[in-house]
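Input: a single structure, listed below in structure tokens.
The values are calculated or read from the model by the stated rules, or taken from the named source; none is laboratory data. This is a predicted model, so every value here is computed, not measured. Virtual Cβ from ideal backbone geometry, glycine too; neighbours counted across all protein chains shown. These accessible areas exclude ligands, DNA and RNA; they are computed on the full protein's heavy atoms, side chains included. Shrake-Rupley method; radii C 1.70, N 1.55, O 1.52, S 1.80 Å.
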Amino acid sequence: MVNNYLGKTIKELRLEEGISQRELGNRLNVCNQTVSFWEIGQREPDLDTLLKIAKYFQVSTDYLLGNED
């Protein structure tokens with residue numbers, strides 16, 4: 001991923017929520033290392049997981065992907 005907007009947004013939302021990578025991973029049914037990989041841009045969540053992230057943080061997928069403010 002050239003521009004890690006998604007990872008930065010996930011991290012920002014997670015920190016605003018005051019939860020750890022492990023806790024977010026538990027809530028999304030992924031391991032904390034997966035969350036870490038998203039945040040540093042080494043991996044991207046699949047579509048189903050992207051939808052779960054948006055639902056958890058109560059934001060749109062467009063927001064997560066940087067298509068809206």
Within the chain, which complete DSSP H helices have Cα atoms spanning at least 30 Å along the helix axis and a mean Kyte-Doolittle hydropathy of 0.0 or higher?
none
If you compute semi-axes √(5λ) of the Cα gyration tensor in Å for the structure shown, which of (1) 69, 7, 4; (2) 16, 14, 11; (3) 18, 13, 11 do you land on?
(2)
Two pseudo-spin positions, 7 Å from Cα along C-beta at residue 12 and at residue 65, lie apart in nanometres by 1.8
Just to confirm a number: summing +1 for Lys and Arg and -1 for Asp and Glu over residues other than residue 40 whose beta-carbon lies under 15 angstrom from that of residue 40, what do you get?
+1
Excluding residue 27 itself, calculate the net charge of residues whose Cβ lies under 11 Å from the Cβ of residue 27, where each Lys or Arg counts +1 and each Asp or Glu counts -1.
+2
For Cα pairs less than 8 Å apart in space and 6+ apart in sequence, what is the mean separation divided by the residue count of the chain, i.e. the relative contact order in percent?
35
For the chain, what is the accessible area per residue in Å², given a 1.4 Å probe and the full set of protein chains?
66
Where the accessible area of the chain is counted over protein heavy atoms with a 1.4 Å probe, how much of it, in %, is carbon and sulfur?
43
